[in-house]
Amino acid sequence: MPVAQDSEAGILRSTRAEWKERAVPKSVLDAIKLGLWDFEPEVMERGQYDATNELPGSDQKLDILAARIATGEPLWHPSDRRDCEDMDIDVTRR
């Protein structure tokens with residue numbers, strides 16, 4: 001595979017187009033870095049990754065979603081918590 005010479009550092013590197021041809025992104029983030037805007041992660045069955053009971057929009061839920069993206073898992077699990085029902089909180093307290 002041809003490489004381009006980095007004149008400042010004297011480092012051999014692959015051109016972006018060549019890298020895109022041989023690279024297989026693991027996650028959406030990897031695909032974006034490579035400029036692959038039509039990337040679709042592999043389909044995973046629900047038993048291959050865990051659902052979360054964290055509240056939608058909470059920091060904990062966002063951390064889980066970020067970890068899923070980074071590891072190439074689907075963003076949403078069919079059994080993820082989708083609402084705030086069944087919460088054990090006092091909504092009249094302010």
Qualifying residues in region 70-94 (those that are β-branched (V, I, T) and either more than 27 Å from P25 (Cβ to Cβ) or modelled with pLDDT of 90 or more (or both)) - the one surrounded by the fewest Cβ atoms within 10 Å (Cβ to Cβ) | T92
Got at least one residue in region 30-37 being more than 28 Å from M87 (Cα to Cα), among the charged types (D, E, K, R), modelled with pLDDT of 75 or more and touching a Leu at 6+ places or on another chain (Cβ under 9 Å)?
-> yes
Determine, yes or no, whether G10 is at pLDDT below 75 and on the phi > 0 side of the Ramachandran plot.
-> yes
Taking only region 36-49 into account, find how many residues are surrounded by fewer than 12 Cβ atoms within 10 Å (Cβ to Cβ) and not in a helix (DSSP H, G or I).
-> 6
Just give me the residues in region 50-69 being surrounded by 14 or more Cβ atoms within 10 Å (Cβ to Cβ) and hydroxyl-bearing (S, T, Y), in sequence order.
-> T52
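The values are calculated or read from the model by the stated rules, or taken from the named source; none is laboratory data. Only a predicted model underlies this, so the values are computations on that prediction, with no experimental measurement involved. Backbone-built Cβ (ideal geometry, glycine too); neighbour counts: all protein chains shown.
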